[in-house]
Amino acid sequence: MTHDLGHQITCIDTQHLRPNAVAAYLIQDGEYAAFVDTGCHLSVPILLQTLEDKGVKRENVSYILTTHIHLDHAGGLGELIKYLPNAIAYVHQRGARHMIDPTRLKAGVLAVYGEVFFKQTLGDLIPTPEDRIKIPEDGESIKLGNRTLTFIDTPGHARHHYCVWDEASKGIFSGDTLGASYREFDTAKGELIFPPTTPVQFDPSAWHNTIDKLLKLQPECAYLTHFSRMPFSEDNAQKLKNGIDSFAAIALKHKGSKNRFEVIKKSLGRYLLHCAAEHDVSLEKTLQMTLFEDDLGICTQGLDVWLSRQ
Ligand SMILES: [Zn+2]
């Protein structure tokens, strides 16, 4: 369930939804460690097991860095921090209050997904004590042993999103900001990347600016939540920008359709299959659609909300 990415970084498969879909990361430096993202409430035993496997004492976990408060990234925070007595959680200024009192966030998720899905797939969402949370400034750095980790405010996917720049590996822990890219779609042409336009704060122009801001760091790679390490270059940045523009264009084209949700979802599916074909992906189309299925629903919901704001 884990794989080593070098630079003392471990990718942890949180097993949320399906294997190889939702990652959390463990960064180590000497005897100290930090988690980046937590998966959902149900993922916490896997994270604790990873500490044991790596020989990291629970009291030596200094930080939990949740890139944003969507539940596949931060849903496990309240549960995880109970076991890590010295860990400070860094949560974006726009998300912190929802982690301290998740009542509204939970109600919103229940309204969209229903009680059964919530219990079976996410488990729960419990409060994080206020005195365990810090709010990072844009550009602020923290030390993990000798390592420097820097927070960067990154709106576009969500306004409550930051990324973490890791000088040591020249990598960006990017949450959902640098796209989703499943390793099953890697080919000789590189990575297939698309934008998770999750509800409710998709903002195409802010997202473009954020990508440009991150490129200035001259990163070598991104550590994606969906899923794992991906080389990051001008080329992949452009693929992601094209995806953002195409998703927005598909949504706008069908803005007035009667059955808007279904029409957009179908159209996004066709677009992703087309991209995969251009990318020489040889997986069976039905398998491709299975791998895209969860994202298609969520991306369409986000585009639908975005259209309603136009
Ligand atoms: Zn997200």
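The values are calculated or read from the model by the stated rules, or taken from the named source; none is laboratory data. As the structure is a computational prediction, the values presented were derived from the model and not from experiment. A quick note on method: Cβ atoms are made from the backbone with ideal geometry, for glycine too, and the neighbour counts reach across all protein chains shown. Only protein heavy atoms, including side chains, enter the accessible area calculation; ligands, DNA and RNA are left aside. Shrake-Rupley method; radii C 1.70, N 1.55, O 1.52, S 1.80 Å.
Couple of notes before you dig in:
- Condition met for P196 (surrounded by 20 or more Cβ atoms within 10 Å (Cβ to Cβ), in contact with a His (Cβ under 7 Å, 6 or more places away or on another chain) and in a loop (DSSP other than H, G, I, E, B)): yes
- Selection within segment 270-290 - surrounded by fewer than 18 Cβ atoms within 10 Å (Cβ to Cβ) and within 21 Å of the chain's Cα centre (by Cα): M289, T290
- Reported count of residues in segment 138-154, each being part of a loop (DSSP other than H, G, I, E, B) and crowded, with 21+ Cβ neighbours inside 10 Å, is 1.
- In segment 174-214, the residues that are of a type in the set (S, T, N, Q) and in contact (Cβ under 8 Å) with a residue 40 or more places away in the chain: S174, T177, S181, T187, T197, T198, Q201, N209, T210
- Any hit, segment 200-215, residues being within 12 Å of the ligand (Cβ to nearest atom) and open to solvent by 10 Å² or more (accessible area, probe 1.4 Å): yes
- Restricting attention to segment 51-68 and to residues that are β-branched (V, I, T) and within 15 Å of I142 (Cβ to Cβ), the residue that is nearest to the chain's Cα centre (by Cα) turns out to be T67.
- Whichever residue in segment 72-84 is away from the ligand (no atom under 16 Å from the Cβ) and of a type in the set (A, V, I, L, M) and, among such residues, is nearest to the chain's Cα centre (by Cα): L80
- Of all residues in segment 72-92, those that are open to solvent by 30 Å² or more (accessible area, probe 1.4 Å) have Cβ atoms under 8 Å from Cβ atoms of residues that are assigned to a strand (DSSP E or B), 6 or more apart or on another chain, in N86/V61; N86/S62; I88/S62; I88/Y63; I88/I64; I88/I133; I88/K134.
- In segment 93-125, the residues that are open to solvent by 40 Å² or more (accessible area, probe 1.4 Å), assigned to a loop (DSSP other than H, G, I, E, B) and away from the ligand (no atom under 16 Å from the Cβ): Q93, D101, D124
- Subset tally (residues that are within 16 Å of the ligand (Cβ to nearest atom) and touching a strand residue (DSSP E or B) at 6+ places or on another chain (Cβ under 9 Å)) for segment 42-71: 6
- Condition broken by V61, with the remaining ones in (1) aliphatic (A, V, I, L, M); (2) in contact (Cβ under 8 Å) with a residue 40 or more places away in the chain; (3) more than 18 Å from I298 (Cα to Cα) satisfied: (2)
- In segment 215-237, the residues that are acidic (D, E) form Cβ pairs under 9 Å with partners that are in a strand (DSSP E or B) and open to solvent by less than 10 Å² (accessible area, probe 1.4 Å), at six or more places apart or across chains, as follows: E220/G171.
- Leading residue by the ranking (farthest from G156 (Cα to Cα)) among those in segment 220-246 that are over 18 Å from the mean Cα position of the chain (by Cα) and not polar (S, T, N, Q): E220
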